[in-house]
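Structure record follows, encoded as structure tokens.
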Amino acid sequence: MTSTELTATDAPVRIPGPTTPYQGDIARYWDGEARPVNLRLGDVDGLYHHHYGIGEVDRTALGDPEDSESEKKLIAELHRLESAQADCLLGHLGDIGSDDTLVDAGCGRGGSMVMAHQRFGCKVEGVTLSAKQAEFANRRAQELRIQDHVRARVCNMLATPFETGQAAASWNNESSMYVDLQDLFAEHSRVLKVGGRYVTITGCWNPRYGQPSKWVSQINAHFECNIHSRREYLRAMADNRLVPQAVVDLTRDTLPYWELRATSSLVTGIEEAFINSYKDGSFQYLLIAADRV
């Protein structure tokens, strides 16, 4: 796995190999991932996301289903909802200045990093296990001429190269299900300055259901991840000096996205599991914002 790649600045950089077999599996999974549902949505405006959407569907934007442009309009609407989700996360980061540094743990192809820089004018550092994702994100930053402010690198989000207290804020956007939460929040706690803000948006299984449902198990198998419970998130944050300031249930807000996606040509086969688990209450879509104390 260890190899040399080129960043967007054409400078050679050493890409570390995975520290565990599971990390190697995840790196290979995302290096090989090229689903139209991620790429075609990003082609709409150049923001390439790896998360889902929130908000009501704008039916007027979809137009007539018999219109030859209907699928194009549907894809644009799905993308709008995904960007709305990123806006929601960024809106919970607090007061960010242009001299601050933000950390995106599990940055994917970099869409949220670009949005963060456009919103705050600050430096944004992203980490991912996927060399292909990092290369894509850095190339996109160069195309936008923001490579001095937005950078992705290949590394383990549990052991980042950032200095202690370097970040004003950090986040995981649907990436925390690939790691142990105690290890993850210990690293965020280290990287964040005192008073810094951590935000996650994630799917989690609902302890009130009893155990992970069959739908949650299907999602785990599909993405090769390990979805945690809501209780585990809050406990691990408390253990690592991250004090929740807001817990927002976005489950009802994300259902329209999934129901619309299920009607598109971009279905991946996992839509039914998300829709049913959200409706039966076994799965929740949460935003948690916490301050480093």
message: Just checking, does the range 212-232 include any residue being closer than 19 Å to Leu158 by Cα, modelled with pLDDT of 95 or more, in a strand (DSSP E or B) and hydroxyl-bearing (Ser, Thr, Tyr)?
response: no
message: I need the full set of residues from the range 114-131 which are in contact with a His (Cβ under 9 Å, 6 or more places away or on another chain) and open to solvent by less than 10 Å² (accessible area, probe 1.4 Å), in order please.
response: Cys122, Val124
query: What number of residues in the range 40-75 are hydrophobic (A, V, I, L, M, F, W, C), open to solvent by 30 Å² or more (accessible area, probe 1.4 Å) and either outside any helix (DSSP H, G or I) or modelled with pLDDT of 95 or more (or both)?
result: 1
Given (1) crowded, with 17+ Cβ neighbours inside 10 Å; (2) under 19 Å from His149 (Cβ atoms); (3) of a type in the set (S, T, N, Q); (4) at pLDDT below 95, number of the condition Thr9 does not satisfy: (1)
Filtered residue count, the range 132-157, keeping only those that are hydrophobic (A, V, I, L, M, F, W, C) and surrounded by fewer than 20 Cβ atoms within 10 Å (Cβ to Cβ): 3
task: Scan the range 238-274 residue by residue and report those that are part of a helix (DSSP H, G or I), open to solvent by less than 50 Å² (accessible area, probe 1.4 Å), out of contact with any His (no Cβ under 9 Å at 6 or more places or on another chain) and among the aliphatic types (A, V, I, L, M).
output: Leu255, Leu260
- request: Looking for whichever is closer than 18 Å to Leu102 by Cβ, in contact with a strand residue (DSSP E or B) (Cβ under 9 Å, 6 or more places away or on another chain) and among the acidic types (Asp, Glu) here; the options are Glu232, Glu174. Which one fits?
  value: Glu174
field: Pair list, Cβ under 7 Å, 6 or more apart: the range 175-188 residue touching a residue at least 12 places away in the same chain (Cβ under 8 Å) and more than 25 Å from Arg28 (Cβ to Cβ), other residue open to solvent by less than 40 Å² (accessible area, probe 1.4 Å) and assigned to a helix (DSSP H, G or I)
entry: Gln182/Ala236; Phe185/Ala236; Phe185/Met237
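The values are calculated or read from the model by the stated rules, or taken from the named source; none is laboratory data. What you see is a predicted model, and the numbers here were worked out from it, not measured in a lab. Neighbour counts are summed over all protein chains in view; Cβ atoms, including those assigned to glycine, are modelled from backbone coordinates with ideal geometry. Ligands, DNA and RNA are stripped out before the accessible areas are found, and what is left, the full protein with its side chains, is counted by its heavy atoms. Shrake-Rupley method; radii C 1.70, N 1.55, O 1.52, S 1.80 Å.
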